[in-house]
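Student: After the structure tokens below, expect a handful of questions from me.
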Amino acid sequence: MNLTFASTTLLNNKVEMPRLGLGVFRVEDYDELVNAVKTAIAEGYRSIDTASIYGNEEAVGEGIRQGLAVTGLKREDLFITSKIWTADMGYDKVELAYQTSLTKMGLDYLDLYLIHWPVADKFISTWKKMEELYSAGKIRSIGVSNFQIHHLEELFAATEIKPVINQVEYHPKLNQKALQTFLNQHDIQMEAWSPLMNGEILTNPMILELAEKYAKSAAQIVLRWDLQNNVVTIPKSTNAERLAQNKDVFDFELTEADMLAIEALNEDRRIGPDPDNFDF
Ligand code: NDP
């Protein structure tokens, strides 16, 4: 598999999305995040994933401006994602929520706007408004997050445009095989959230063994596994050394046997909420 840091995946609407990006959940300190986003862009990251509920869209926007200033890149060189929160869902609320995210970030469009969680009685009407904004050229791509197969089937039956992506919890303890097969059949890209299991997977003995074998870190083994499985991945770090480490996964390749050994770690174990049983 011939992948580089600049590798993209072609989404089903023909938009290219970087395969490796930066996640920014749980970063509340403004300066820390501005600096991380700026550093990431200077280091070659082109994709940033935030959400309105993270409460940090202003800092992401400032980091983007500083990153563009130091690199000489243009806005269109980047791929910026945000997500609509559950409280803002519903046909009549979507446009204001989208506009509010844009205003906070100081941007005039997003590359990807996601339904953050599949609130049962709201995701269809929310999607219908997102389809309108997409068709009007206000959003480059629209997608979903935390959707199970049955949510997607319900969405397909009631709406026109297929999501480009489903961003879900994904790591060696939760590899979502059946969901990925379904997404592949429907040309929907899978994207991993908490790819490092928020750090927990990095002490797994088998991952550490592979790290030693390939002379890489545990995080690098797991991120490479994502990429070789055709999963877009967005590890979070605000640490310059780890930002550099997490993008340094293109000079080695896991063997088929090692890919399968990591796959065998699956326990269908979530660290985050269950999309079929959440109360927010
Ligand atoms: P990750 O699995 O990315 O793990 C992040 C943790 O691992 C941080 O504590 C980070 O610390 C540490 N870390 C990062 N790189 C390394 C490394 N090379 N070596 C050791 N430790 C490392 O967790 P997240 O939950 O943040 O998930 C990633 C992104 O996914 C989020 O930031 C967010 O954008 C998205 N997400 C989406 C959700 C959804 O519902 N759609 C839900 C949850 C997350 P440090 O910063 O100190 O390096």
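Readers should treat all values here as calculations from the given coordinates under stated rules, not as data from a laboratory. Just so it is clear, the structure is predicted and the values come from calculations on it, not from any experiment. Here the Cβ positions follow ideal geometry from the backbone for every residue, glycine too, while neighbour counts run over all protein chains shown.
Student: Given region 180-280, what whole percent of its Cα pairs are spread farther than 17 Å?
Tutor: The share of Cα pairs beyond 17 Å in region 180-280 comes to 56 percent.
Student: Something else now. Connecting C-alpha atoms closer than 10 Å in a GNM of the chain, tell me which of Met190, Met105, Met206 has the biggest fluctuation.
Tutor: With Cα springs under 10 Å in the chain, the top fluctuation among Met190, Met105, Met206 is at Met206.
Student: Over the chain, calculate the relative contact order: mean separation of alpha carbon pairs under 8 Å at least 6 apart, over the residue count, as a percent.
Tutor: Relative contact order comes out at 19 percent.
Student: Taking every pair of alpha-carbon atoms in the chain, what share in percent sits in each 5 Å bin, from 0 to the bin with the longest distance?
Tutor: 1, 6, 13, 17, 19, 18, 13, 8, 3, 1, 0
Student: Continuing with this model, one more query. Rank Leu96, Leu133, Leu110 by mean-square fluctuation in a GNM of the chain with C-alpha springs under 10 angstrom and give only the top-ranked residue.
Tutor: Ranking Leu96, Leu133, Leu110 by mean-square fluctuation puts Leu96 first.
Student: Of Leu179, Val164, Ala218, whose Cα points farthest to the positive end of the dipole of region 158-228 (charges on the beta-carbon: +1 Lys, Arg; -1 Asp, Glu; origin at the Cα centre)?
Tutor: Projecting each Cα onto the dipole axis, the largest value belongs to Ala218.
Student: Also, quick follow-up: With viscosity set to 0.692 mPa s and temperature to 37 °C, compute the Stokes-Einstein D of region 71-205, Rh being the Kirkwood radius across alpha carbon pairs; µm²/s, no decimals.
Tutor: For these conditions, the coefficient is 207 µm²/s.
Student: Among 83-94, 241-252, 218-229, how do they line up from the highest to the lowest mean number of other beta-carbon atoms within 10 Å?
Tutor: In decreasing order of mean packing, 83-94, 241-252, 218-229 become 218-229, 83-94, 241-252.
Student: Assuming a ≥ b ≥ c are the square roots of the Cα gyration tensor eigenvalues, decide whether region 123-169 counts as rounded (a/c under 1.5), prolate (otherwise, with a/b larger than b/c) or oblate.
Tutor: oblate
Student: Can you check what the net charge comes to around Thr50, using other residues whose Cβ is under 15 Å from the Cβ of Thr50 (Lys, Arg +1; Asp, Glu -1)?
Tutor: -3
Student: Only four residue types carry charge here, +1 at the Cβ of Lys and Arg and -1 at the Cβ of Asp and Glu. Report the dipole size of the chain about the Cα centre in Debye, rounded to the nearest 20.
Tutor: 460
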